[in-house]
Amino acid sequence: MNRSMQFGSEIIVIGGGVIGLATAIELRLMGAEVKVLCKDFKAAAGHAAAGMLAPQAEQILTGSMLDLCLASRELYPEWVRKIESISGVDAGYWQCGILAPRYHQVDKSIQWLDMATIHDRQAGLSESIVGGYWYPADGQVDNRALIRSLFDASQSLGIKFLDGLEVTNIRHNCGRVTHLETSQGDITAQHYILATGAWSQQLLPIPVVPRKGQMLSVLVPTEQIAYLPLQQVLFGEEIYIVPRRDGKIIIGATNEDVGFTPQNTPRGVQQLLTNATRLFPILQDFPIHESWWGFRPATPDQLPILGSSPYDNLTLATGHHRNGILLTPITAKLIADLVWHQQADNLLSAMSYQRFNPC
Ligand code: FAD
Ligand code: GLY
């Protein structure tokens, strides 16, 4: 049997999560012919996330990662409007602000709210909260709606999305990728982009490892839905609570070093429920809606790996760890500019894979 499949595609994106889809769309809008190959669309971390756009609440305090995150947060409103206008699907972008309550007095900063102010800002917080930070420029997007919006936009633009197709090997010769071996035969293109999230190390020796996060959601009871008791994200200690406009409340997340072990566990769910109901006790009587888990693509220094690779025609877009939803617009832009226009933005220099093997 001839296992060889020759596509005429110029660019192949390996991985169909938020990063792969958004990059494919950016390249398509520049005029490229693009295909996305995806082992398992439903397993993408983009479906499992909370959707917080939270450089400040996540305590990214200085340096190139902060620059990257702030640049992406800035791009969000216009970028999301662009995707929505192509797809017709609302992605639930909401600059609702993030409140970070604390049980103990900590170093105060310009964003610090004292006890009276924080309880005034959010009714129903635990009485043990002594103050907290308020980050009005942080916010959220409904990540599941975003991934639907990206998928539909990609289809409207004529991007071929091959789900259930696993790339098993990246074959190369003299510093160039020659072809991909896949579960459906060999595939070639002029250029390749690796956007395989937590699974990246299965294809290339780069230090991206899975960090499991368990999540659950509750529903605001019908009689309270008209005024939604929570209209900003609460980013507590070891817990966050993210209200959606439709009355769902997302609660997350564990951070576990257990490889790709699937499923929710009693310990994980108990940790979420204990911390969430301590911080915001009215959740105790809200109906539980759903529980799920996903795998963050973590790197040793928590920065993504973006840009060139050991091979001329392979570009890396992976390792976004806790902030991949936030970093989607800037990643798509930087990678598309690099691949299509050979323009390397300064923001890319600290994100190179070479920082892990400098010789
Ligand atoms: P993924 O979304 O994981 O997609 C990778 C895709 O590649 C998958 O579909 C996979 O099947 C496919 N693939 C893998 N290997 C192959 C192969 N060999 N061949 C073909 N396809 C392959 N980020 C935020 O900014 N804000 C948040 O609030 C937030 N909350 C999070 C909460 C949790 C519980 C988790 C798990 C993550 C959270 N994140 C958050 C992080 C964010 O979800 C990720 O950083 C982001 O989704 C990574 O996107 P990606 O496209 O690189 O990878
Ligand atoms: N950024 C939230 C998380 O990764 O859990």
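Ordering Phe235, Cys69, Gly324 by the projection of their Cα atoms onto the charge dipole of the chain, which places +1 on the Cβ of Lys and Arg and -1 on the Cβ of Asp and Glu, puts Gly324 at the extreme positive end. For segment 306-359, the calculated P(r) over all alpha carbon pairs, in 5 Å bins from 0 to the bin holding the longest distance, is 4, 19, 31, 27, 14, 4, 0 percent.
Candidate cross-link partners of Lys333 among the lysines, defined by an alpha-carbon separation under 23 Å and a same-chain spacing of 8 or more, comprise Lys35, Lys82, Lys160. Amide H contacts for Phe161 (H built 1.01 Å from N in the peptide plane; partners 5 or more residues away or on another chain; cut-off under 5 Å): Val36.
The charge dipole of the chain, taken about its Cα centre with unit charges on the Cβ atoms of Lys, Arg (+1), Asp and Glu (-1) only, comes to about 460 debye. Dipole orientation for the chain: of the candidates Ser156, Ala344, Ala57, Ser156 has the Cα lying most toward the positive pole (charges on Cβ; Lys, Arg +1; Asp, Glu -1). Share of antiparallel DSSP beta bridges in the chain, in percent to the nearest 5? Bridges in the chain are about 70 percent antiparallel.
Please compute the net charge surrounding Pro207, taking Lys and Arg as +1 and Asp and Glu as -1 over other residues with Cβ under 13 Å from its Cβ.
Working: positive: Arg211, Arg355; negative: Asp301.
Residues near Pro207 contribute +1 overall.
In straight-distance terms, cross-link reach from Lys212 covers every one of the lysines whose alpha-carbon lies under 24 Å from its own, apart from those fewer than eight places away in the same chain; here that gives Lys39, Lys42, Lys248. Shown in residue order for segment 62-77 are the 3J(HN,Hα) couplings computed by the Karplus curve 6.51 cos²θ - 1.76 cosθ + 1.60 at θ = phi - 60°: 8, x, 5, 5, 5, 4, 5, 5, 5, 4, 6, 4, 5, 6, 3, x Hz (x for Gly and Pro).
Inter-part distance, segment 290-359 to segment 11-29, computed on C-alpha centroids, equals 13 Å.
Divide by every residue of the chain the summed helix terms, -39500 (n - 2.57) for each DSSP H run of at least 4, and state the resulting mean residue ellipticity at 222 nm, rounded to the nearest 500 deg cm²/dmol.
On the way: 7 runs with 91 residues, N = 359.
Value at 222 nm, helices only: -8000 deg cm²/dmol.
Between Thr222 and Val130, the distance separating the two model label sites (each 7 Å from Cα on the Cα→Cβ line) works out to 4.4 nm. With θ taken as phi - 60° and the Karplus curve 6.51 cos²θ - 1.76 cosθ + 1.60 applied, the whole-hertz 3J(HN,Hα) list for segment 104-112 is 10, 4, 10, 3, 7, 9, 4, 8, 6 Hz, x standing for glycine and proline. Annotation for Gln342 and His289: the two label points, set 7 Å from Cα along the Cα-Cβ direction, are 4.9 nm apart.
Summed over the residues of the chain and divided among them, the accessible surface reaches 44 Å² per residue at a probe radius of 1.4 Å. Across all directions, the average flat footprint of the convex hull enclosing the Cα atoms of the chain is 19.2 nm².
Restricting the count to DSSP beta bridges whose residues both fall in segment 186-322, what percent are antiparallel, rounded to a multiple of 5? Approximately 90 percent, going by the DSSP bridge assignments. Length gained on full extension, Gln105 to Asp257: 51.7 nm, using 0.36 nm per residue less the C-alpha separation.
Tell me, rounded to the nearest percent, the portion of alpha carbon pairs in segment 104-205 spaced more than 21 Å apart. Walk me through the intermediate numbers first.
Numbers: 3221 of 5151 pairs.
Percent of Cα pairs beyond 21 Å in segment 104-205: 63.
Between Ser85 and Asp246, the FRET efficiency from the beta-carbon distance, with R0 = 25 Å, is close to 0.70. Each Lys and Arg adds +1 at its Cβ and each Asp and Glu adds -1 at its Cβ; summed about the Cα centre, segment 235-359 shows a dipole of about 180 debye.
If you roll a 1.4 angstrom probe over the protein chains with everything in place, what fraction of the accessible area of the chain belongs to carbon and sulfur, to the nearest %?
Numbers: 7820 of 15740 Å².
Summing carbon and sulfur atoms, their accessible area is 50 percent of the total for the chain.
Checking every one of the GluC sites (Glu not before Pro) in segment 219-289 against DSSP loop status and a limit of 16 other Cβ atoms within 10 Å picks out Glu237, Glu238.
The values are calculated or read from the model by the stated rules, or taken from the named source; none is laboratory data. The shown structure was predicted, so the numbers you read here are calculated from the model rather than taken from an experiment. Note: ideal-geometry Cβ built from the backbone for every residue, glycine included; neighbour counts use all protein chains shown. We work out accessible area using only protein heavy atoms, side chains counted, and drop any ligands, DNA or RNA first. Shrake-Rupley method; radii C 1.70, N 1.55, O 1.52, S 1.80 Å.
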